[in-house]
Amino acid sequence: MTKYNVSQKLISSHLVSGKMNPGEEISIKIDQTLTQDATGTMVMLELEAMGLKQAKTEISAQYVDHNLLQTDFKNPDDHIFLQSACDKFGLYYSPAGNGVSHPVHMERFGVPGKTLLGSDSHTPAAGSLGMLAIGTGGLEVALAIAGHPFYVKMPKVMGIKLTGSLPDWVSAKDIILEVLRRHDVSGGVGKILEYYGPGINGLSAMDRHVIANMGAELGATTTVFPSDKITEEFLISQQRKGDWKEILADEGCTYDEHDEIDLSKLEPLIAAPSSPGNVIPVREVAGKEIYQSMIGSSANPGIRDFAVPALILKDKKIHKRVSLDINPTSRQILENLVDMGLLKYFVQSGARIHQPGCNGCIGMGQAPATHKISVRTVPRNFPGRSGTKEDLVYLCSPETAAASAIKGVITDPRDLNMEYPKFKEPSQITINREMIFAPSKEENVDLIKGPNIKSLPKFDPVKEAYQGPVLLKMGNNISTDEILPAGTKVLPFRSNIPEISKFAFSQIDESFYERAMKYQSSGFFVIAGANYGQGSSREHAAIAPSYLGLKVVIAKSYARIHRKNLINFGIVPFTFVNESDYKTVDQNDELKISGILQCIEKQKPISIENITKNTKFAIQCLLTEQEKEILLDGGLINHAMKKECF
């Protein structure tokens, strides 16, 4: 009898096609979907373009947690549009102020054994409950809502055994930072990270959420924990005991790769600017002046992640130079902080209390000062993601963030002259179900579109040949925040492709839009190094460049989600056959490529001509059969409509 680990059990129970051999394309049935407002507006426009009548999933939920600032009409218009779309297509709706999608979904809808597909790269956070939760582009989520399976290459499963117990002043954030220290931002590509061992017994469901959430920063397909007694305790606390079932790895099961962490040997860690993989001990940077400390995000969303720093701050004041920003992750958590008498400790310390939501994590307000250090419990510190181009963001635990806010410098929390405030969440907490609205039972609901909401542009099929300039040459680990930034100026245009396209690659080259518009009809190229498109699932990082005329990307390698988004919107993701050829191409070189359709069909390398240098080099585009069909049709919408899926 085959012995399965938890990941294999979850996949096998939802397998629609393919075999569970690493690297082979499989398709899986999707039970639930998650969308947030920064990506959800596009998903709803895609559902409209498909002509969908009603969601076919067990549960689909739309959260408003990113675009919360209402400095003009655009964000509130989007909120109204999203609510009307939920009523039209049959989705649950969580309005602005109700909280961050991932912890709220975990509280209200997470069910062990179910699959969840989300248009947010941190969707794998739900793996903390024994779910198979995967982040992807919005268009694939739209198809899942319409009842179609999700296609992905079968990942390898890396088993990470946890032993021992965490010392005082060390918490779950330090565990995932240790994993990032060992494996860096591309160490999880093509893998599921599955945690097991006696060390997980000391981790609450929300501790596990912290770890599963930031598995995305390793490029992992997802992260999985077993569903055990800890999971049951969490669901009982949420008054949902009936949703629990045990899912454990079979005794004697194996993993494709393996790692082991002795929790008792960990110390407070911190990721220095400007990568989640740039992890070092806090003590190595202790003493550096800070000007901002931020607590609260999908990466540290539990009650304990606020309770412990609140107890650290009790009867203390933050340093006069520091802005301490507290972002409750859900209305329910905010209510419990009030009920437990913990919120007052933040207020009395001088902290600033903000509405439940993503806020500064996505650059929606709370931007730090130029060249001044901000320590944050958020999952990412890519350049400029904070809203300040010249930022210095460090990622750390709530303990380190609170200690640093008191001292005014990066502080190892073990150096505070106090006893570690251990916190155990009470078995009975305040539950708030009031602010999630069930799908409307009305028929013939109209979508309410404000003036900023534009329908999707048309996407043309891939052509046989292209000629044009290299408008941009980039290095390794370019993130989607750099391809299409977030922040207060950009996010409100998520439902307006012509306008949001003006910000494409602006973090790298502010002149890019103006230069690209000269080639919008004829096309151009961009060149990149390894792991191109890491980070967010935002498909706008593919749609906006496509709208401007980007037809071909040539890179050493791609992050999973962005590569799929390029294909879904008709951009050919070539790779260098010989990576050394990357050095032979410069920005502004004129390139000429032909035989593209044959390259896609036959899956054989072709030669591309550098007219400027009078040289040639080989490129390839390795695709699955389904990806071939999608790309040749000019993208996933065209492909779906061609097959009359709706």
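Couple of notes before you dig in:
- Taking the criterion of being within 25 Å of residue 9 (Cα to Cα) and touching a His at 6+ places or on another chain (Cβ under 8 Å), the residues of the range 87-117 that qualify are 102, 103, 106, 115, 116.
- Pairs where the first residue, in the range 555-568, is at negative phi and the second is acidic (Asp, Glu) and assigned to a loop (DSSP other than H, G, I, E, B), C-beta under 6 Å, 6+ apart: 565/539
- Number of the exception - residue 292 against (1) within 24 Å of the chain's Cα centre (by Cα); (2) farther than 30 Å from residue 366 by Cα; (3) among the polar types (S, T, N, Q): (2)
- Residues in the range 166-181 that are touching an Asp or Glu at 6+ places or on another chain (Cβ under 9 Å), assigned to a helix (DSSP H, G or I), closer than 13 Å to residue 270 by Cβ and hydrophobic (A, V, I, L, M, F, W, C): 2 in all.
- Of everything in the range 598-626 that is modelled with pLDDT under 95 and either aromatic (Phe, Trp, Tyr) or touching a Lys or Arg at 6+ places or on another chain (Cβ under 9 Å) (or both), the residue that is surrounded by the most Cβ atoms within 10 Å (Cβ to Cβ) is 600.
- Breaking point among (1) in a helix (DSSP H, G or I); (2) within 19 Å of the chain's Cα centre (by Cα); (3) of a type in the set (Ser, Thr, Tyr), for residue 186: (1)
- Residue check: residue 271 meets all listed conditions (1) at pLDDT below 95; (2) buried (at least 22 other Cβ atoms within 10 Å of the Cβ) but one, namely (1).
- Failed item, numbered, when residue 67 is tested on (1) assigned to a loop (DSSP other than H, G, I, E, B); (2) within 22 Å of residue 385 (Cβ to Cβ); (3) more than 16 Å from the chain's Cα centre (by Cα); (4) polar (S, T, N, Q): (3)
- Counting only strands (runs of 3 or more DSSP E) that sit completely within the range 305-408, those holding 1 or more residues that are crowded, with 24+ Cβ neighbours inside 10 Å and either on the phi > 0 side of the Ramachandran plot or in contact with a Cys (Cβ under 6 Å, 6 or more places away or on another chain) (or both) correspond to 373-376.
- For the range 547-569, the set of residues classified as among the small types (Gly, Ala, Ser) and crowded, with 24+ Cβ neighbours inside 10 Å consists of 555, 559, listed by residue number.
- Residue that is surrounded by the fewest Cβ atoms within 10 Å (Cβ to Cβ), among those in the range 189-240 that are of a type in the set (Val, Ile, Thr) and more than 16 Å from residue 123 (Cβ to Cβ): 236
- Residue, modelled with the lowest pLDDT, within the range 457-492, restricted to residues that are over 19 Å from the mean Cα position of the chain (by Cα) and either more than 28 Å from residue 575 (Cβ to Cβ) or small (Gly, Ala, Ser) (or both): 489
- The range 368-383: number of residues that are touching a residue at least 24 places away in the same chain (Cβ under 8 Å) and farther than 16 Å from residue 278 by Cβ: 4
- Residue in the range 147-154 that is surrounded by fewer than 24 Cβ atoms within 10 Å (Cβ to Cβ), under 21 Å from the mean Cα position of the chain (by Cα), of a type in the set (Ser, Thr, Tyr) and more than 13 Å from residue 276 (Cα to Cα) present: yes
- The range 534-578: number of residues that are touching an Asp or Glu at 6+ places or on another chain (Cβ under 9 Å), farther than 20 Å from residue 622 by Cα and either in a helix (DSSP H, G or I) or among the small types (Gly, Ala, Ser) (or both): 4
The values are calculated or read from the model by the stated rules, or taken from the named source; none is laboratory data. Nothing here was measured: the structure is a model prediction, and the numbers come from that model. Positions of Cβ are backbone-derived with ideal geometry, glycine not excepted, and every protein chain shown enters the neighbour counts.
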